[in-house]
Amino acid sequence: MNERMNDERVGADWDYTLLYEEAKYFQLQPMLLEMERWKQDRETSRFSRPCECLVVRVAPDLGERITLSGDKSLIEEVFPEIGDVMCNSVNAGWNHDSTHVIRFPLNGYCHLNSVQVLERLQQRGFEIVGSCGGGVDSSQFSEYVLRRELRRTPRGPSVIRIKQEPLD
């Protein structure tokens, strides 16, 4: 499927190049400006897509300790079984502000192992984009950064009006 998407993108780039060259040849300045703005928007969105992120930290303390960092509502969406724990635990060490938590102790409230946690996140559209691990003896850990692209509502094609001038 990725090959097909790449083929479509290459085809779109080729079409854009041909259209741009024609607009340049016929000196259609409004069209050139709009095409340059469109290309810049497209390039920017390729590198800065809006997304949601969570960090999963796994440590072998007392069996397996799993903590989550991220947006509270996002964690509650993916793990509904934690219920009102976050809302009712205002003074907990992991509850630093009203919207995000740092190292929420997931397996203290939810009986899942690290593989089940990562599988659930994958099923909800998240993918691992980074990981690391380290430590010595009893303080080892692994961390995973997961992201999910925000679903965009499809926009209709924008209408570009070009002033038509009579040819000599």
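Summary of values
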{"read-out": "Residues of the range 36-80 classified as surrounded by 11 or more Cβ atoms within 10 Å (Cβ to Cβ) and within 27 Å of the chain's Cα centre (by Cα), total", "value": "30"}
{"read-out": "From the options LEU106, LEU146, residue that is modelled with pLDDT under 90 and surrounded by 13 or more Cβ atoms within 10 Å (Cβ to Cβ)", "value": "LEU106"}
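To keep it simple, each residue is scored yes or no on (1) closer than 18 Å to GLU149 by Cα; (2) modelled with pLDDT of 85 or more; (3) not assigned by the TED database to the domain that holds PHE141.
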| residue | (1), (2), (3) |
| --- | --- |
| LEU28 | no, yes, yes |
| ARG42 | yes, no, yes |
| ALA59 | no, yes, no |
| GLU77 | yes, yes, no |
| ASN95 | no, no, no |
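The values are calculated or read from the model by the stated rules, or taken from the named source; none is laboratory data. Just so you know, these numbers come straight off a predicted model, no measurement behind them. No Cβ is skipped: glycine too gets one built from the backbone with ideal geometry, and neighbour counts run over all protein chains shown.
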